[in-house]
Amino acid sequence: DQHYDVHEVEARWQQGWEDLQPFTADDAAVLSGEREKRYALTMFPYPSGDLHMGHAEVTALHDVIARYWRQRGYEVMNPMGWDSFGLPAENAAIRNDAHPADYTYGNIDTQFESFQKYAVSFDWTRRFNTSDPDYYRWTQWLFLRLREKGLAYRKNSPVNWCPNDQTVLANEQVVDGACERCGAEVTKRELTQWYFRTTAYAQELLDSLDDLQSTWSTKVVNAQRNWIGRSEGAHVDFVVAGREEPMTVYTTRPDTLFGATFMVVAADAALADELVTDARRPAFEAYREEVRRSTEIERQSTERPKTGVDLGVTATNPLTGAEIPVYAADYVLADYGTGAIMAVPGQDQRDWDFAQVFGLPVVRTVQPPEDWEGEAFTGDGPAINSANDDIDLSGLSVEDAKRTTIAFLEERGLGRGTVNFRLRDWLLSRQRYWGAPIPIIHCPVDGEVAVPDDQLPVTLPELRGADLKPKGVSPLGAATDWVDVECPTCGGPATRDTDTMDTFVDSSWYMFRYCSPHDDTRAFDSDLVNAWMPCDIYIGGDEHAVLHLLYARFFTKALRDLGLVDFDEPFAAYLSQGKVINNGRKMSKSLGNGVSLGGQLADYGVDAVRLTLVFASPPEDNIDWADVSPAGSLRFLQRAWRLAGDVTSEVGVDASAGDEALRKVTHRTVHEAAELVEGHRFNVMVARTMELVNAVRKAIDSGPGGADPAVREAVEAVAVLLSLVAPYTAEEMWARLGHEPSVANAGWPTVDEALLVEDSVTCVVQVKGKVRARLEVSPDVSDADLEAAALADPAVQKAIDGAPVRKVIVRAPKLVNIVV
Ligand code: ANZ
């Protein structure tokens, strides 16, 4: 036989695997310590259509690791489910004129079937959807536990508002001033919303990144660091004329205090409203209106000229004693630091720009370099214009001046050193339908009352036929039967909270739920979670580098402090995979360059598509579908499969009697493949497998032949290596070789160390930095022998050309460098 029928094989094995269930993780084996565990997690999908090339890529890569660990004898948990609440499903449902539940669960069925055909080694017994009441009951339960700890609370403040989706957004969901999902420019609104107190863990979230540095993608670690945004500086108190309370600012440059020539308050901060004089109020209110209407993009723009209004009050610079004016402006943010700054135009460009517009004085407090022609100077240099009777910073560097100023301020009670974080609390409530209802009841007598645990879940009302189009208030408000309830405390009339939770809440704890997915007495079994977690690998896209990972890390720390888990971080290793693109560009409808996964699978089969995705590039890099060849992958798989038909020795034959040269190739390949998988260099692992296939083909056709025991050993190794990438082909080969299924549990071939010793290595000989000869030498050649051999080589002699040899550098067995 020269070919196998890809689709016939797929249909047959899919059926066969269903009976074998080789991928069910055994809790008992892990709890008892009988087998070491590995928890392989890949991001669960949104059910907003069928699987696409992106899913195909991430699961193919992920499956290499999961299947490898299984072959190595670990007890592997590789679960999958659906992140089925949330805006993407809801928006798609509205577009398709369907109820979100019908739309969502229909897609889940479709995706489930596709996953099965795609043959990812998931443990389907652990499957759940976050929109199942059995799941979100516990999302609500966890919300209440966090609230009891003071980690979930409600407050009124200006929030990000997406005018298109008609809902609030977390800071993390605003990218360059636009809605992360729909791209609409985000505006601000004053609203009462629910928050998780992520800031309570700011320092710890930052500190534990040090431990993740070596096992997480660097890009992701850096993105997390920047998002948390720790800075060191000072709070400085300014006395405002006619006001008892001081005006406190946050500055990272206390050394520049002598140069603070005016103050700026965020226009939308309460403080601006408090400070403004009656005379200036009309101008202020008009300006504030203008600011509220503008988008984040406009406000943050550095090109746009600075705007603001004089509030009519002055503050006293504590070091110069000068009375300096206080302005309101939009370049200062209400929710960062204290929402107010001391402006130092000599050292800060934004302040410089503002000073130019309003004609305010500039005093430099750091000496710029002699040839300095710029405006604000932000670099280091000796302090100038920075002395009074009590403190003298003259000549100090920025760092020393900072320290001296902070000490002085602290001594006089004028300020104190402080640490500030860019990280904000996580805004979690959404004015949308398709999410977990917030389990709170509002009572006119008792205020905010938690829904008692035994009344969970608060199920979503069905609202069939209702208009779910976003209108800025939650559609749940329309379900009056559902909204009107008795207060659990006083029994009087009360109303349910009508907002739902951000879908990121659901995905912040799903990795715990997989450990005991069907437990209907608790969110998760802590013993099982502590046994299985942290996840040994987590694979997903870059787009979640900040949001989801940060939230999941926050949840883990909060649950630890609630005594529910005994570790600090959910993901021991994180790998972010690249994207599948086409003709150099992201696949999109408008470009018409989309590649359908279904079409590729129909044309080439599952294994060829999987192999192509794994082989194309290192996992972190993008794959351009225009540059790869699934047809070539299929030809290779057929070649590998044909080897199995050419093996004529019996199962269990003693390989040690076989051809040694081939055995060496086999053992070296298996040995390297393990290192390559562990180092996430899956594409190279495939390349090595291809080389092994070539070597066996040669051995069969023009070497010892198909009856040699070394050939069987090699082909069995090929089947096991391929089982990580191309499960159907591997299974067919395994059966053809006379084995019982499944190759997924065949076990990793044992490597004979003796066969790894190389016979010879290539030594490069350089003369005057140029390669002049390559010598085949023994791997354990001595420096002296190697030097003699190099000098005796005719090509080397010719290159030296009789010149005196000044120095010979020998690095046995690989390099000799001759200096003449
Ligand atoms: C005076 C000063 C002088 C500043 C100077 C900088 C340079 P990071 O590093 O990001 O924490 N700032 C403080 N609160 C702000 C707010 N709510 N909106 C906009 N800007 C704010 O930045 C801290 C610096 O950003 C602070 O230090 C403050 O300006 C400004 F030569 O104070 B600085």
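Tabulated results
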item: Enumerated strands (runs of 3 or more DSSP E) restricted to region 228-307, each holding at least 2 residues that are within 16 Å of the ligand (Cβ to nearest atom), touching a strand residue (DSSP E or B) at 6+ places or on another chain (Cβ under 7 Å) and among the β-branched types (Val, Ile, Thr); result: 247-251, 262-266
item: Positions within region 615-646 being open to solvent by 20 Å² or more (accessible area, probe 1.4 Å) and not in a helix (DSSP H, G or I), in sequence order; result: Ala616, Pro618, Glu620, Asp621, Asn622, Asp624, Val628, Ser629, Asp646
item: Given (1) crowded, with 18+ Cβ neighbours inside 10 Å; (2) more than 21 Å from Val239 (Cβ to Cβ), number of the condition Ala340 does not satisfy; result: (2)
item: Filter pass, Ser394 being away from the ligand (no atom under 11 Å from the Cβ), open to solvent by less than 20 Å² (accessible area, probe 1.4 Å) and either of a type outside the set (A, V, I, L, M, F, W, C) or over 26 Å from Ala329 (Cα atoms) (or both); result: no
item: Lone unmet requirement of (1) in contact with a Leu (Cβ under 8 Å, 6 or more places away or on another chain); (2) open to solvent by 20 Å² or more (accessible area, probe 1.4 Å); (3) at pLDDT 95 or above for Phe196; result: (2)
item: Identity of the residue in region 202-227, within 14 Å of the ligand (Cβ to nearest atom) and of a type outside the set (A, V, I, L, M), that ends up surrounded by the most Cβ atoms within 10 Å (Cβ to Cβ); result: Trp227
item: Unique residue being open to solvent by 50 Å² or more (accessible area, probe 1.4 Å), more than 13 Å from the ligand (Cβ to nearest atom) and of a type in the set (Val, Ile, Thr) when the list is Val362, Val357, Val326; result: Val357
item: Residues (touching a Gly at 6+ places or on another chain (Cβ under 8 Å) and under 26 Å from Ile297 (Cβ atoms)) located in region 186-209; result: Val186
item: Single match in Val816, Val765, Val810, Val796 (criterion: buried (at least 18 other Cβ atoms within 10 Å of the Cβ) and part of a helix (DSSP H, G or I)); result: Val796
item: Selection count where residues are free of Cβ contacts under 8 Å to residues at least 40 places away in the same chain and either closer than 18 Å to Ala11 by Cβ or buried (at least 22 other Cβ atoms within 10 Å of the Cβ) (or both), scope region 735-751; result: 2
item: Any hit, region 329-338, residues being within 17 Å of Ser386 (Cα to Cα) and near the ligand (Cβ under 9 Å from one of its atoms); result: no
item: Matching entry among Asp568, Asp520, Asp527 (being surrounded by 14 or more Cβ atoms within 10 Å (Cβ to Cβ) and at pLDDT 95 or above); result: Asp568
item: Selection count where residues are assigned to a loop (DSSP other than H, G, I, E, B) and of a type in the set (A, V, I, L, M, F, W, C), scope region 552-602; result: 9
item: Residue list for region 560-581, restricted to those being in contact with a Gly (Cβ under 7 Å, 6 or more places away or on another chain) and not β-branched (Val, Ile, Thr); result: Ser576, Gln577, Lys579
item: Count of region 157-193 residues which are open to solvent by 50 Å² or more (accessible area, probe 1.4 Å), modelled with pLDDT under 90 and in a strand (DSSP E or B); result: 4
item: Cβ-Cβ under 6 Å pairs, at least 6 apart or on other chains, region 599-620 side of a type in the set (A, V, I, L, M, F, W, C), far side open to solvent by 20 Å² or more (accessible area, probe 1.4 Å) and part of a helix (DSSP H, G or I); result: Ala608/Leu634; Val609/Gln600; Phe615/Asn683
item: Enumerated helices (runs of 4 or more DSSP H) restricted to region 467-547, each holding at least 3 residues that are within 30 Å of the chain's Cα centre (by Cα); result: 503-506, 510-513, 526-532
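The values are calculated or read from the model by the stated rules, or taken from the named source; none is laboratory data. The structure displayed is predicted, hence computed values, not measured ones. Reconstructed Cβ throughout: ideal geometry from the backbone, glycine too, with neighbour counts over all protein chains shown. With ligands, DNA and RNA removed, areas are computed over all heavy atoms of the protein, side chains included. Shrake-Rupley method; radii C 1.70, N 1.55, O 1.52, S 1.80 Å.
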